[in-house]
Amino acid sequence: MAKPLIPKRTIKAEETLWSCKYFDVVEYTVQGKSGDRPYYSVKRRHFNTIHILALTPKDEVILVKQFRPPVGKRVVELPAGLCDNPDEEPEDAARRELMEETGFEADEFDLIFSGPISAGLSNEVFNLFLATNARMTGKGGGVGNEAIEVSILPRRKLIDRLIEISLEGDALVDAKLPAALMLASKYILASDD
């Protein structure tokens, strides 16, 4: 039998170095081929994040733009949020976040992808919902101190517009957004036939 290309690693110990309401900074002791080594990570308390690629009946994508302190700029992104209520199903969290951030409702929500966002840094898991037949029924704009700007752009021209935005420099484009469009294309193209 062939040996695995990547040697097996084992976490021998885990120590929380710092904590806040949303996450811990953790030091792991990882056993490797040449001995133990430290490994640092952000461990979110609510690690499932919900992201919604919402399409209108006119084949438009609903996007949000908001200021993100870690990058010091406004970021164009999918409506998203935490699945932080243990009594709330992920689809219900997706419906809530879409309404809170954009004022839109949608008929169907399908979970089309789930996976880590940055497995080398965090335990956060990206859960992508495709929401169809989205229509505005509320105010949107976020809750509390959120100041969310909503945009509606044609899906077929969206990648070109995102490239323009990313190169203009006034705002950043969340890298999950083009990835979400690619992932959703399997489902969207199937319905285009």
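Annotations for the structure displayed:
- Selection count where residues are of a type in the set (D, E, K, R) and part of a helix (DSSP H, G or I), scope the stretch 144-193: 10
- Matching residues in the stretch 122-143 - criterion: being touching a strand residue (DSSP E or B) at 6+ places or on another chain (Cβ under 6 Å) and in a loop (DSSP other than H, G, I, E, B): Asn123, Glu124, Ala134, Thr137, Gly140
- Gly103 being open to solvent by 30 Å² or more (accessible area, probe 1.4 Å) and out of contact with any helix residue (DSSP H, G or I) (no Cβ under 8 Å at 6 or more places or on another chain): no
- Residue that is among the hydrophobic types (A, V, I, L, M, F, W, C), under 26 Å from Tyr22 (Cα atoms) and part of a strand (DSSP E or B), where the choices are Phe109, Phe113: Phe113
- Filtering the stretch 30-59 to residues that are of a type in the set (A, V, I, L, M, F, W, C) and within 13 Å of the chain's Cα centre (by Cα) leaves Phe47, Ile50, Ile52, Leu53.
- Extreme residue, least open to solvent (accessible area, probe 1.4 Å), among residues of the stretch 81-100 that are of a type outside the set (D, E, K, R) and part of a loop (DSSP other than H, G, I, E, B): Cys83
- Residue in the stretch 57-64 that is among the β-branched types (Val, Ile, Thr), out of contact with any Cys (no Cβ under 7 Å at 6 or more places or on another chain), part of a strand (DSSP E or B) and surrounded by fewer than 22 Cβ atoms within 10 Å (Cβ to Cβ) present: no
- The selection criterion, being closer than 17 Å to Leu181 by Cα, in contact with a Lys or Arg (Cβ under 8 Å, 6 or more places away or on another chain) and assigned to a strand (DSSP E or B), holds for Val75.
- Of the residues making up the stretch 31-46, one or more are surrounded by fewer than 18 Cβ atoms within 10 Å (Cβ to Cβ), on the phi < 0 side of the Ramachandran plot, of a type in the set (Asp, Glu) and touching a Ser or Thr at 6+ places or on another chain (Cβ under 9 Å).
- Among the residues of the stretch 138-175, the ones that are over 19 Å from Thr56 (Cβ atoms), touching a residue at least 40 places away in the same chain (Cβ under 8 Å) and open to solvent by 50 Å² or more (accessible area, probe 1.4 Å) come to 5 in all.
- Residues within the stretch 8-27 that are touching a Phe, Trp or Tyr at 6+ places or on another chain (Cβ under 8 Å), within 20 Å of Val125 (Cβ to Cβ) and at pLDDT below 95, tallied: 2
- Extreme residue, surrounded by the most Cβ atoms within 10 Å (Cβ to Cβ), among residues of the stretch 117-132 that are modelled with pLDDT of 95 or more and in contact with an Asp or Glu (Cβ under 8 Å, 6 or more places away or on another chain): Phe129
- Restricting attention to the stretch 106-116 and to residues that are under 19 Å from Ile188 (Cα atoms) and of a type outside the set (A, V, I, L, M, F, W, C), the residue that is most open to solvent (accessible area, probe 1.4 Å) turns out to be Glu108.
The values are calculated or read from the model by the stated rules, or taken from the named source; none is laboratory data. This structure is a prediction, so every number in the text was calculated from the model and none was measured. Quick reminder, even Gly has a Cβ in these numbers, built from the backbone with ideal geometry, and neighbours come from all protein chains shown. With ligands, DNA and RNA removed, areas are computed over all heavy atoms of the protein, side chains included. Shrake-Rupley method; radii C 1.70, N 1.55, O 1.52, S 1.80 Å.
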